[in-house]
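> Below you will find the structure I want to go over with you.
The values are calculated or read from the model by the stated rules, or taken from the named source; none is laboratory data. What you see is a predicted model, and the numbers here were worked out from it, not measured in a lab. Cβ: placed from backbone, ideal geometry, glycine included. Neighbour counts: every protein chain shown. Protein only, heavy atoms only, side chains kept; ligands, DNA and RNA dropped before computing areas. Shrake-Rupley method; radii C 1.70, N 1.55, O 1.52, S 1.80 Å.
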Amino acid sequence: MIEVLDKCIGCSKCVPACPFNAVSMVGKKAVINEACTLCGACVPACPVKAIVITREDPVHRDFSAFKGVWVFAEFEDTGRKGPKKIRKVTLELLSEGRKLADELGVELAAVVLAEKNRNYEKELGAYGADKVYLSENCEFSDYDTDIYSAVIAALVSKYKPEIFLFPATFTGRDLAPRIASLIYAGLTADCTGLSIKNGLLKQSRPAFGGNIMADILSPNSRPQMATVRPNVMKVSPPSDKTARLVKENINIPEGMRRVKVLEKKVAGYESADRIDCADIIVSGGRGMKSREKFNVLEELATLLGGMVGASRAAVDMGFKEKSRQVGQSGTTVSPKLYIACGISGAVQHLVGMKTSDIIIAINKDPNASIFSVAKYGVVADVHEIIGKLIDAVKKAKKIK
Ligand code: FAD
Ligand code: SF4
Ligand code: SF4
């Protein structure tokens with residue numbers, strides 16, 4: 001319930017703050033009409049705290065109006081002007097969201113904030129979306145926390161999805177908590193697994209420093225919100241389906257953008273420098289023993305057309321730079337081929353690479369956990385095997 005208290009001084013600052021034109025001035029008092037979605041954007045605009053929203057006791061709230069699974073569609077931000085590509089993580093979330101929606105028997109929708117539509121209903125429909133909620137505005141060209149969170153909170157208040165998934169990217173990690181706090185919902189960050197349990201979203205993620213996997217349910221808030229890291233979920237093959245387009249014109253109050261972007265420089269965006277874009281990764285761990293011995297992996301990776309990755313232990317020992325660390329506190333990767341050399345397979349490493357298509361593990365300990373996710377395992381001294389592998393690849397490529 002929303003209420004304007006008698007202490008309203010009639011300053012009218014709440015009128016332009018409302019994205020739904022739900023506030024008007026009657027005499028010297030603000031009046032809120034039925035277009036109000038309880039998004040909360042007007043509350044901080046009032047200088048005398050005269051607008052009060054009372055939320056129902058979550059434990060006894062009726063959630064029957066909340067239906068459907070939503071995915072926030074994120075775009076690549078290369079820092080360059082012009083149309084932006086939809087990020088692969090969006091397609092991963094749609095593919096996973098499709099499974100959740102099918103299990104619940106509800107629709108899957110993507111939420112797109114863009115300058116203008118570029119056939120998004122076709123592209124996102126191909127990866128499973130039944131609907132695309134699209135809001136067009138030139139203000140969406142540069143990501144802005146205040147604008148994006150207010151608009152999406154308004155859409156959530158209006159359409160009431162039961163599940164809302166965000167990528168655990170810089171943008172998703174900034175945006176999802178802001179929306180959660182605006183709509184009084186919970187949020188589970190950095191999930192590595194999602195499923196349905198008794199009609200609720202089961203959100204699995206590493207907890208207590210990654211030593212255990214925690215399963216989290218949110219029975220007392222809607223939507224059930226989660227962020228998921230890129231490369232954790234698999235992208236389903238595209239279909240020729242087109243989603244239904246629902247256009248939402250939401251008014252963005254003047255002055256809402258508090259930050260003006262003058263120039264943008266996005267560092268390390270080129271895919272050639274990014275381990276999460278590599279198709280082949282040769283990764284080394286503490287078992288590589290020294291920086292010099294670790295460097296042999298570069299030769300194998302170059303011969304295979306791939307990149308070198310590292311476990312955290314290898315990074316801590318200075319064998320490789322932090323940007324190449326694979327795992328929970330590094331980058332999540334999902335290449336076609338992952339060769340783990342002298343890596344034990346701690347859970348914090350496995351969560352960052354276990355969705356790779358083919359995993360080859362080389363370890364002298366036959367009980368090493370890395371073998372539990374490997375398709376091919378070699379129990380041997382890695383230093384002997386790498387030399388032989390390099391010779392074999394050179395021979396196959398007829399390199400002397
Ligand atoms: P070790 O566990 O020491 O394993 C070395 C392996 O090499 C052993 O299995 C051994 O049998 C093998 N070996 C030794 N010599 C040879 C040889 N000659 N030939 C063949 N095999 C040999 N780790 C990550 O990797 N990424 C992360 O993002 C990450 N995040 C973390 C976050 C938190 C909060 C915490 C608490 C830990 C994190 N860790 C992470 C650390 C993780 O728990 C492990 O300590 C780390 O992955 C171990 O790296 P390793 O496998 O290289 O080393
Ligand atoms: Fe306030 Fe949002 Fe309702 Fe507008 S829609 S009156 S901003 S709570
Ligand atoms: Fe009244 Fe507050 Fe709106 Fe000003 S901002 S008109 S004080 S409710």
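> In the neighborhood of ASP77, defined by Cβ-to-Cβ distances under 12 Å, what is the net charge if each Lys or Arg adds +1 and each Asp or Glu adds -1? Mind showing how you got there, number by number?
Numbers: positive: ARG80, LYS81, LYS84, LYS85, ARG87, LYS264, LYS265; negative: GLU74, GLU76, ASP142.
Result for the local shell: +4.
> With a 1.4 Å probe and all protein chains in place, put HIS349, HIS383 in order of accessible area, largest first.
On the way: HIS349 15, HIS383 65 Å².
Final ranking, largest accessible area leading: HIS383, HIS349.
> Accessible area of THR169, 1.4 Å probe, to the nearest 10 Å²?
10
> Among the trypsin sites (Lys or Arg not before Pro) within the range 158-245, which fall in a DSSP loop and have no more than 14 other Cβ atoms within 10 Å of their own Cβ? Don't skip to the answer; put the middle values down first.
Details: sites: LYS158, ARG173, ARG178, LYS197, LYS202, LYS234, LYS241, ARG244; in loops: LYS234, LYS241.
Those satisfying the criteria are LYS234, LYS241.
> Can you pull the percent of the range 271-397's accessible area that's carbon plus sulfur, 1.4 Å probe, other chains left in place?
Working: 3060 of 5940 Å².
Carbon with sulfur: 52 percent of the solvent-accessible area.
> Carbon and sulfur together cover what percent of the accessible area of the range 69-247 at a 1.4 Å probe radius? The partial results should precede the final answer.
Values: 3620 of 7180 Å².
Looking at the range 69-247 in its full context, I get 50 percent from C and S.
> Something else: Let me have the 222 nm mean residue ellipticity of the chain computed from DSSP H runs of 4+ only, each contributing -39500 (n - 2.57), with the sum over all residues rounded to the nearest 500. Provide the component values of the computation, followed by the final result.
Details: 10 runs with 94 residues, N = 400.
Only helices count here, giving -6500 deg cm²/dmol.
> Rank these by accessible area, largest first, 1.4 Å probe: ASP276, ASP365. Present the calculation step by step, with values, prior to reporting the outcome.
Numbers: ASP276 45, ASP365 65 Å².
Largest to smallest exposure gives the sequence ASP365, ASP276.
> Could you list the GluC sites (Glu not before Pro) in the range 278-385 that lie in coil according to DSSP, counting only those with at most 10 other Cβ atoms within 10 Å of their Cβ? Present the calculation step by step, with values, prior to reporting the outcome.
Details: sites: GLU292, GLU298, GLU299, GLU321, GLU384; in loops: GLU321.
Hits after loop and neighbour filter: GLU321.
> How much net charge surrounds ALA396 when only other residues with a Cβ under 15 Å from its Cβ are counted (Lys, Arg +1; Asp, Glu -1)?
Its environment carries a net charge of +4.
> Using a Förster distance of 56 angstrom, determine the FRET efficiency expected from the C-beta separation of VAL393 and PHE63, and round it to 0.05. Display every interim value, and only then the final one.
On the way: r = 57 Å, r/R0 = 1.01.
For VAL393 and PHE63, the calculated efficiency is 0.50.
> How far is it, in nm, from the label point at THR242 to the one at VAL15 when both lie 7 Å from their Cα along the line to the Cβ?
4.2
> Label-point separation (nm) for VAL52 and VAL379, each offset 7 Å from Cα along Cα-to-Cβ?
7.1
> Per residue, how much accessible area does the chain have with a 1.4 Å probe, in Å²? If you can, show how the numbers build up before the last one.
Values: 19660 Å² over 400 residues.
Value returned for the chain: 49 Å² of accessible area per residue.
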